[in-house]
Amino acid sequence: MNDEEVERLKQECHVYQDTVTFISVMYEFGVNNSILLEIEKDYLGLDGNPKTPDISLVEVGSVIDVIEHKGAMSENPQAAYDEVMGVASKYSQLECEGRVSSPRVALLYPSCSDSVVREIRPGLPENLTLCCFDQSSSDNEISFSIVGKSKSKLVDEIVTRAPIKYNPSTIRSTYKFIKASPPLIYTAYQIRSQFYIYRDIKSTGEDEYQVSRSKLLRDAQTFYPPWIRNNLQLNSSRVDAALEFLDEIDFVSWSGEDDICVYPSKGSRSGDQIDYFAKRLAAIRMKERKKREKREMKISKSQQRGQQSTLTRFQ
Amino acid sequence: MISRNKLNRYNALRNVRCCQGTCFMLGLEKFSGRAHFFDYLSNTYLRAEVPSLHCFAFILPADMTPLETVEYAKKRGLKVTLTPSGDDLFHLNIGIRTSCCVGYLVFVDGNWIFFTDGETSRVTSTVNSFAGRMASVLRLAYVPSPMLLETIGRISREYTKVLLTEGTICTTGETFRNWKKDPVPFSVKEAHRQAAKEDGKWSSVSVKCFQGDREVLDCRFYERGHLTLYSGDYSQFYSNLLLPYVSSALKVSDRMKGRERKDVDGRILLHPLSFDFGQRKVTPRDMNLLSERIVARYSAAVMHPGNPMLQIQLNDRDDGSAFDLYVFSTKLEIVPLQKSTPAALGELVALVSDILPTGLPEMV
């Protein structure tokens, strides 16, 4: 078992939930302070593809501010530099309702990445605002500190009102998903939790029971925040991916139809479910990787043999 | 009056006989209904040479009758027989592995109470084991420690003197410490002080009630839906102790109702329940302990590992209720998700309170 991979998968889930919390807190911050923030809104990028900054501010039809939130950053300075530069170029020009604008871009990064960001800062564009946030040292507030000078009106608005207080249990139990993609095992656990809810008390003790996918989708929808509550397609693709994973590890039987057969006793004594799912996913991926490597080796060997025979033929 | 030890030996002997084919004294009797049953108890418990009477308060989901519950138990492979014996009275025989328990199930003020007699440890383990296996349809009622003390405090006003004779103080890490000193007059304040001194909570309390100089009741209260009459006047026990206890249990159950996460026109409504730790801080060790115990008991995932906040999302395996549990430095919150039954929430509150006994559940 690859312990590092398992830890990484679990860490992804924690970072995702922290990100959901952060983005949801910012949404409520906008509502409470009458700032018309756009959360995870799609714009058109320079390359014609949609771009979705975490937070943006639109004034008179133009996107004037964009904030990208990073829940975690690479510890490697070069990789971190590439990440930051990627953000700067991604949002350099955005098209909103036919109007192209060049917003001020800001990057919010976690306090644990402060040293690496300070290290790469001299090489970064001057018009990029860097702001460090601390979500982990207090359980009910997020504090911010700007690195250098702010060029972002929106970041200034946030920082002047910081620390931003919130109720963690309310936020975390209200919102469990945002538009940003959740880790597979995170969605799988949310779906698995939902299965228990559908269980009829009179069927407790039975080896299996049926659940309807459409009902599952409807109920999962309530864990999305208002700006994405009606995105049925997004939800169904996530739920389906989670169902495929649960089917793979024999927690359910699902053939893509509305009926899902749930095996409630599966994994019931396996401890922390996120940890268990991470182990199973890591094992599946390792198996696939080995299979792929074996296949590639086979192909390259046969290619070598082919080349040799061709060479022999032409000698 | 015969001594407690003698009585326990007598009870133990009878219980062994019971499991070999004979039966509990109470279970052997036949009654035409509830009134007849209560008459019998009133007359019998006036005598001193009777075994302890145990009363277990059960919470049943509203849509299931006791007969349906027993059918369910049979499906789960439990040996249970329930025979109607007049209005609101059933003869109940529970068999778990090699032990059994016989008595009567009576409907009392909205709760089903199981009356049985016999040795305390045997009866308790049989009924607890039965309730554990039936958790999706039946649970023992729960009266949190502070409420238990308040209930006894109210009861004590009816008597000239109430003596606290012994009890169990539960401390963090599940170290149960028996508290037994010379009997002292019962006082809620003093009982709280004693628990605080031990950094724990009372999980059971034994008292003797006096009218003038005459001892009229000797009994024990437990947090988990159990009340024992060792000796004394049954009528007084019923009206002055059992009914207030059941009423407290019902209040707790009522406060746990309707707390599900609701979506009202797109607005999410939550009804959390919190534990207050006052000046005492919840330590990382407490969080680890809680995390281990919750993950072992429920289908659960640690969504935030502590430092500074611990978040566990969990499901009750028996009835599917779902909760988010948050632990902060001085507070713990349970947020019911889309399904939350009073029994499952009560069970979770009781478990949390057993693990971290210094936290006081606020149920308003």
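In nm, give the distance between the simple-model label positions of B:Q279 and A:E244, each being 7 Å from the Cα along the Cα-to-Cβ direction.
With each label placed 7 Å out from Cα toward Cβ, I get 5.9 nm.
Give me the distance between the Cα centres of region A:161-178 and region A:49-82, rounded to whole Å.
So the separation of the two Cα centres works out to 21 Å.
What does the charge count around B:S235 come to, taking other residues whose C-beta lies under 13 Å from its C-beta (Lys +1, Arg +1, Asp -1, Glu -1)?
-3
Given the -39500 (n - 2.57) contribution per DSSP H run of 4+ residues, what per-residue ellipticity at 222 nm results for the protein assembly as shown, rounded to the nearest 500 deg cm²/dmol?
Working: 19 runs with 267 residues, N = 679.
One gets -12500 deg cm²/dmol as the mean residue ellipticity at 222 nm.
Give, as ranges by residue number, the residues of region B:79-105 whose backbone N falls under 13 Å from the point 7 Å along Cα→Cβ of B:S32.
From region B:79-105, the list is B:86-87.
Could you list, in their original order, any pairs among A:K266/B:K339; A:K70/A:K266; A:K51/A:K266 whose Cα atoms are separated by more than 31 Å?
On the way: A:K266/B:K339 21 Å; A:K70/A:K266 36 Å; A:K51/A:K266 40 Å.
Checking Cα-Cα distances, A:K70/A:K266; A:K51/A:K266 exceed 31 Å.
For A:K10, go through the aspartates and glutamates and keep the ones whose alpha-carbon is under 15 Å away, minus same-chain ones fewer than eight residues off.
A:D18, A:D272, A:D275
Any idea what the dipole of region A:21-151 comes to, in debye rounded to 20, about its Cα centre with Lys/Arg Cβ at +1 and Asp/Glu Cβ at -1?
400 debye
Please state the relative contact order of chain B as a whole percent: Cα pairs under 8 Å, 6+ residues apart? Intermediate values should be presented prior to the final figure.
Details: 712 pairs, mean separation 56.2, N = 364.
After rounding, I find 15 percent.
Would you calculate the separation in nanometres between label points at B:Y40 and A:L46, each defined as 7 Å from the Cα along the Cα-to-beta-carbon direction?
Spacing of the two 7 Å Cα→Cβ label points: 9.0 nm.
Mind running the shape call on region B:236-364? Use the C-alpha gyration tensor, a ≥ b ≥ c as the square roots of the eigenvalues: rounded below 1.5 for a/c, prolate if a/b tops b/c, oblate otherwise. Don't skip to the answer; put the middle values down first.
Details: a/c = 1.80, a/b = 1.27, b/c = 1.42.
Oblate.
Would you mind calculating the gained length between A:E7 and A:L234 on full extension (0.36 nm times residue separation, minus the Cα-Cα distance), in nm to one decimal?
Taking A:E7 through A:L234 to full extension adds about 79.0 nm, to one decimal.
Taking a cut-off of 17 Å between Cα atoms, list the aspartates and glutamates near B:K262, but don't count ones fewer than 8 places away on the same chain.
Correct list for B:K262: A:D219, B:D324.
If I model a spin label as a point 7 Å beyond the Cα along the Cα-Cβ vector, how far apart are those points for B:R47 and A:C261 in nm?
Between B:R47 and A:C261, the simple spin-label model gives 6.0 nm.
Quick check: the angle from helix B:188-197's long axis to the longest principal axis of chain B, C-alpha only, nearest 10 degrees?
Value to nearest ten degrees: 60.
Sequence gap of 8 or more, or different chains, plus Cα separation below 14 Å: how many lysine pairs satisfy both in region B:145-223? Mind dumping the intermediate values first?
Values: B:K161/B:K208; B:K180/B:K208; B:K181/B:K208; B:K189/B:K197; B:K189/B:K201.
Final tally of qualifying lysine pairs is 5.
Computed over the Cα atoms of region B:145-223, what is the ratio Rg over Rh, Rh following Kirkwood?
Rounded to two decimals, Rg over Rh is 0.97.
Is the C-alpha gyration tensor of the protein assembly as shown telling us rounded, prolate or oblate? Criteria: a/c under 1.5 is rounded; beyond that, a/b larger than b/c is prolate, otherwise oblate.
Judged from the Cα gyration tensor, the protein assembly as shown comes out prolate (a/c at least 1.5, a/b above b/c).
Which of B:L269, B:I312, B:Q338 sits closest to the plus end of the dipole of region B:262-362, meaning its Cα is farthest towards the positive end, when Lys and Arg get +1 and Asp and Glu get -1 on the C-beta?
B:I312
Using 20 Å bins from zero, what percent of all Cα-Cα pairs in chain B falls into each bin?
Calculated P(r), rounded to whole percents: 28, 57, 14, 0.
For A:Y209 and B:K257, FRET efficiency with R0 = 25 Å and r from the beta-carbon atoms, rounded to 0.05?
Plugging the Cβ-Cβ distance into 1/(1 + (r/R0)^6) gives 0.45.
Starting from the coordinates of the alpha-carbon atoms of region A:177-310, obtain the Kirkwood hydrodynamic radius over all distinct pairs and give the value in Å to one decimal.
Values: mean 1/r = 0.0587 Å⁻¹.
Kirkwood radius, region A:177-310: 17.0 Å.
Per 0.36 nm of contour for each residue apart, how much would the distance between A:L217 and A:D156 grow if the chain were fully extended, relative to their Cα-Cα spacing?
Working: separation 61, 0.36 × 61 = 21.96 nm, distance 3.91 nm.
Stretched fully, the A:L217-A:D156 segment lengthens by 18.1 nm.
Hey, with R₀ at 35 Å, roughly what FRET efficiency would A:C112 and B:R193 work out to, going by the Cβ-Cβ distance, to 0.05?
0.20
Can you tell which of A:N230, A:I201, A:A188 lies farthest toward the positive end of the dipole of region A:177-310, using +1 and -1 charges on the Cβ of basic and acidic side chains (Lys, Arg; Asp, Glu)?
Highest projection toward the positive end goes to A:A188.
I'd like the Kirkwood hydrodynamic radius of region B:166-289, using the inverse of the mean 1/r over distinct C-alpha pairs, in Å.
For region B:166-289, the Kirkwood estimate is 17.6 Å.
Count, for each residue of B:310-321, the Cβ atoms from other chains sitting within 10 Å of its Cβ, then give me the mean as a whole number.
5
Can you give the convex hull volume per residue for the Cα atoms of chain A, as a whole number of Å³?
Measuring per residue, one finds 212 Å³ for the Cα hull of chain A.
Among B:T124, B:T283, A:T174, B:T116, rank each residue by its count of other Cβ atoms within 10 Å, from fewest to most, as a rough exposure measure. Walk me through the numbers before you get to the answer.
Values: B:T124 18, B:T283 12, A:T174 21, B:T116 25.
Least crowded to most crowded, the residues run B:T283, B:T124, A:T174, B:T116.
Laboratory data are not the source of any read-out in this text; all were calculated from the coordinates shown. Everything numeric here is computed off the predicted structure, so don't read it as measured data. Note that we place each Cβ from the backbone using ideal geometry, even for glycine, and neighbour counts take in every protein chain shown.
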